[in-house]
1. State which residue is nearest to the chain's Cα centre (by Cα) when the search covers only segment 72-89 and only residues that are without any contact (Cβ under 8 Å) to a residue 40 or more places away in the chain and surrounded by 15 or more Cβ atoms within 10 Å (Cβ to Cβ).
2. Listed residues ASN169, ASN148, ASN157; which is within 18 Å of the chain's Cα centre (by Cα) and within 23 Å of GLY41 (Cα to Cα)?
3. Which ones in segment 68-119 are among the hydroxyl-bearing types (Ser, Thr, Tyr) and under 30 Å from GLN137 (Cα atoms)?
4. Of all residues in segment 153-196, how many are over 12 Å from ILE232 (Cβ atoms) and part of a strand (DSSP E or B)?
5. Determine the pairs where a residue that is touching a residue at least 60 places away in the same chain (Cβ under 8 Å) and assigned to a helix (DSSP H, G or I), located within segment 126-145, has a partner that is of a type outside the set (A, V, I, L, M) and buried (at least 17 other Cβ atoms within 10 Å of the Cβ) with Cβ atoms under 6 Å apart, the partner being 6 or more residues away or on another chain.
6. Look at ILE221 and say whether it is closer than 27 Å to ARG150 by Cα and not small (Gly, Ala, Ser).
7. Please work out which residue is surrounded by the most Cβ atoms within 10 Å (Cβ to Cβ), limiting yourself to segment 55-71 and to residues that are part of a strand (DSSP E or B) and more than 15 Å from the chain's Cα centre (by Cα).
8. What is the number of the single condition among (1) modelled with pLDDT of 95 or more; (2) under 15 Å from the mean Cα position of the chain (by Cα) that THR47 does not meet?
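The values are calculated or read from the model by the stated rules, or taken from the named source; none is laboratory data. For clarity, every value in this text was computed on a predicted model and none was experimentally measured. FYI the Cβ positions are ideal-geometry reconstructions off the backbone, even for glycines, and counts take in every protein chain you see.
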Amino acid sequence: MRMKLILPLISLLYFSTSQALTLNGFTSFGSVLELNARVSGIVQSVTVKSGQRVQKGDVLIKLDVTPYQARLDRALAVEKSLLPLVQTAQLELERAEELYDRDSLSQVSLKNAENILAEAEGNYQAAVADKVLAEFQLKHAVIASPVNGRVLQVHTNVAQYVDPAVSLNSMITLVNSWNMKAVALINSEQWSDYLLNKKATVQFGKRNFSGKVSYLGYKRIKQNGGLPAYEIHVSFETDEFIPAEMPVTINIKE
């Protein structure tokens, strides 16, 4: 799910005193993460719900890991069985080299020993690659939160089959609700490069949050029934959950 930017209701009311601005705007999440599985499978469990607060590393969704665990177990077994063959082939080659140096072994026999070792090493490296792939698949059958944040929406259910190769739809939408931004519009007379990185305060209800101008639009946005305007963002941090699209007052300091 993508957050829709709703701009028509933002007013351009402001006052100017030594380049200070007061704007009416709305809140928006600093970052919205659309998470999806990187492997296919059947959803075994969904451990969170919309609105729930999560910490980095918390398990959000888990696929049935049975096939991936079995694949890893097999890869480990094959790797274990092939390692002695490599070691034996290495010893045989060393013995062949000694005999060849004493003119007690033909060059053809030495080459055969080299080929046997090369084949054993190739099979072993292929087994190691299979193990790495199996470990990757098993790891990514579990979707964990990459940040401290809040679940905005869950898009999947237990027993649903998912395949990222077929569908790019996210399974869960996560937001970093502690890094917020206030969005407003300014007109052409207010627009100036000096605004970027300026300190600002964001008033939400009775609380004020310190922040700074993090984005200044360079492309005009035409409002419904209004004059062309430019978008401006003020980034700020909060220790409480503030929903998106809540009205705020932005004070940009001179």
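1. Among those that are without any contact (Cβ under 8 Å) to a residue 40 or more places away in the chain and surrounded by 15 or more Cβ atoms within 10 Å (Cβ to Cβ), it is VAL86.
2. Details: ASN148 fails: within 23 Å of GLY41 (Cα to Cα); ASN157 fails: within 18 Å of the chain's Cα centre (by Cα).
The conditions single out ASN169.
3. We begin by selecting, within segment 68-119, every residue among the hydroxyl-bearing types (Ser, Thr, Tyr); these are 68, 81, 88, 100, 104, 106, 109.
Scanning segment 68-119 gives TYR68, SER81.
4. 10
5. Hits for this filter: ALA134/ARG71; GLN137/TYR68; LEU138/TYR68.
6. Numbers: closer than 27 Å to ARG150 by Cα: no; not small (Gly, Ala, Ser): yes.
The answer is no for ILE221.
7. Within segment 55-71, the subset part of a strand (DSSP E or B) is 59-63.
If we keep only those that are more than 15 Å from the chain's Cα centre (by Cα) as well, we get 62-63.
On the way: LYS62: 18, LEU63: 25.
Here the answer is LEU63.
8. THR47 satisfies every listed condition except (2).
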